[in-house]
Amino acid sequence: MATQKKSPPVRGLEGVVAGDTEISYVDGDNGELYYRGYHLDELAGKVSYEELVYLLWYGKLPNKKELEAFASFLTNNMKLPPEIVEIIQLAPPRTNLMTLLRTCQSALGMFDPDGGKISEEANNRKSVRILAQNAAIVAAIHRLEVGEKVLSPSAKMGFAENFLYMFFGRKPNKLDVQVFDCLLVLHADHGLAASSFAARVTVSTLAGMHSAITTALATLKGRLHGGANTRVMQMLEEIDSPTSVKKYISTMLSDGKKVMGFGHRMYKVEDPRSRHLRKYSQKLVSRPGVANLYEISQRIEKQVMQEKGIFPNIDFYSATVQHALGIPKEYFTCIFAVARTAGWIAHIREQFADNRLIRPTSRYIGGYGNKFVPIDKRE
Ligand code: ACO
C-alpha cells in the first residue's frame, strides 16, 4: 500500500483560532479571565448569576429594572413538564447523572412550545427556558433520588437560592447562597472550551438550541473537561489523610497518571477561577470534613506544582466547595453544567447572529492508489 511521508501529528486543535467572539477572553499566559471585557475579579462576589447571564447574553450589565424583570422571568421558568419528571423516574439505578441530564435536556426539545423554531424571538424565549429548566432538572433528579417530591421555584428567591432550595428541599442560609452564586459565576463561560465549541458546531448547521445544549452536555461530561471535579472528590476521599498525600501523588505521577483538577490547555500559570474557589473552601473550613479536605488539597497542590510544575484548574477546589455545601459528588459535573449553560447559550446566540457552517479540514495522512480486491480473493 502506498503511503504519504509522515510529518508531525496535528492533534487537539491546540492554538488554532476557530472564530471571533466578544463573550469571554482567557489570557492563559497571565492567568486572567474576562467576561465581556470585565476582569473576573471585577465581577466575582459582586454580581449575582442572573446579572452575569444578562451580561453574557446582552453584552451589558442590567440596570435594576432590567435585572428584576430578567430574574423573575428566569424563576418563572424553573418548572418542568411532567414528562421530564417521568423520564427521570424511568432512569435505571446508577445512571450517570450527566447522561440523565443530557437525556432530559434532549427530551425537553420535544415539549418546548418553540421547538423547531430558530427565529431570534423564539431563541430569546428558549434561552431563558433552557437555562432555568437545566437547573430544575438537576434539582428534580436529587429530590427524586432521596425519595422526596419535586419542588416548584419560589418567586421570592433568586436563581442560586431557588436552586439550593429545590435541590435540598429547605431554604438555604445566606452564606451558602453567596458561595453557590459565586460558584455559578466562576463557571459561567470560558472562551472556546470544548463544550462551547461543540455547541457552536451544532447550531452552525442550523440545528436548534436544544440540540446544541445536548451536544454541549455530552462534551462536558468527559473527565478531561467538566467530569474532572467528581474525580477530584474521589481522589480526596481515597487519600483520606494529609499524611497519605505524598505517597499517593508520587505513585500517580510515576505511573504517568493525570492528577484530576490539574493542568489546563489554556493556562500556563494559575487558573484565576481556582484562586477564588481556594478562598471559598478556606472560608468553609469549619464545615464537617472540610478542614481535612482542605489540608489534603493544599498538600496535593504543593506537590504537583513542585514535581510537575502545573497548577490547579477550576475543578480542583470546586470539589471541596461543593462538598462543603452538602452537594453529593455525583452532582458536581451537573452543577458545572447548570452554570455553563449561560455561556453555551451566549455562544449559540453569537453563532446564530452571524452564522457560517463550521466545517474545518483535516490533513489526510492515509494512502493512495489502493486496488480493489474481490472479497473471495482477500486474505
Ligand atoms: N496531571 C499530571 N500531569 C499532567 C496533568 C495532570 N493533571 N495535566 C497535564 N499534565 C502533563 C502531561 O502529562 C504532559 O506531560 P509530558 O509533556 O511530560 O507528557 C503535559 O503536562 C501536557 O499535558 P497534555 O495532556 O498534553 O495537555 P493538554 O493541554 O492536552 O491537556 C488537560 C489539558 C486535558 C486539562 C490536562 O491537563 C488534564 O488531563 N488534566 C486533568 C483533567 C482535568 O483536570 N480536566 C479539567 C480541565 S478544566 C475544565 O475543563 C473545566
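Throughout, read-outs are computed from the coordinates displayed, never taken from laboratory work. This is a predicted model, so every value here is computed, not measured. We place every Cβ from the backbone using ideal geometry, glycine too, and count neighbours over all the protein chains shown.
Structure summary
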| quantity | calculated |
| --- | --- |
| Val185 vs. criteria touching a residue at least 12 places away in the same chain (Cβ under 8 Å), within 13 Å of Ile327 (Cα to Cα) and within 18 Å of the chain's Cα centre (by Cα) | no |
| Only listed residue being part of a helix (DSSP H, G or I), surrounded by fewer than 18 Cβ atoms within 10 Å (Cβ to Cβ) and more than 16 Å from the ligand (Cβ to nearest atom), chosen from Leu175, Leu206 | Leu175 |
| Condition met for Val232 (of a type in the set (Val, Ile, Thr), within 11 Å of the ligand (Cβ to nearest atom) and either touching a Phe, Trp or Tyr at 6+ places or on another chain (Cβ under 8 Å) or under 29 Å from Glu120 (Cα atoms) (or both)) | yes |
| Matching residues, the range 252-266, being outside any helix (DSSP H, G or I) and more than 9 Å from the ligand (Cβ to nearest atom) | Asp255 |
| Residue ranges of helices (runs of 4 or more DSSP H) in the range 66-172 with at least 2 members farther than 17 Å from Tyr49 by Cα and over 21 Å from the mean Cα position of the chain (by Cα) | 82-90, 97-111, 120-145 |
| Residue match in the range 276-295 (condition: within 16 Å of the ligand (Cβ to nearest atom), loosely packed, with under 14 Cβ neighbours inside 10 Å and without any contact (Cβ under 8 Å) to a residue 60 or more places away in the chain) | no |
| Unmet requirement for Arg273, which otherwise passes all of (1) within 7 Å of the ligand (Cβ to nearest atom); (2) crowded, with 23+ Cβ neighbours inside 10 Å | (1) |
| Extreme residue, nearest to Cys182 (Cα to Cα), among residues of the range 22-56 that are of a type in the set (Val, Ile, Thr) and part of a loop (DSSP other than H, G, I, E, B) | Val47 |
| Matching entry among Lys308, Lys329 (being over 22 Å from the mean Cα position of the chain (by Cα) and either surrounded by fewer than 21 Cβ atoms within 10 Å (Cβ to Cβ) or away from the ligand (no atom under 16 Å from the Cβ) (or both)) | Lys308 |
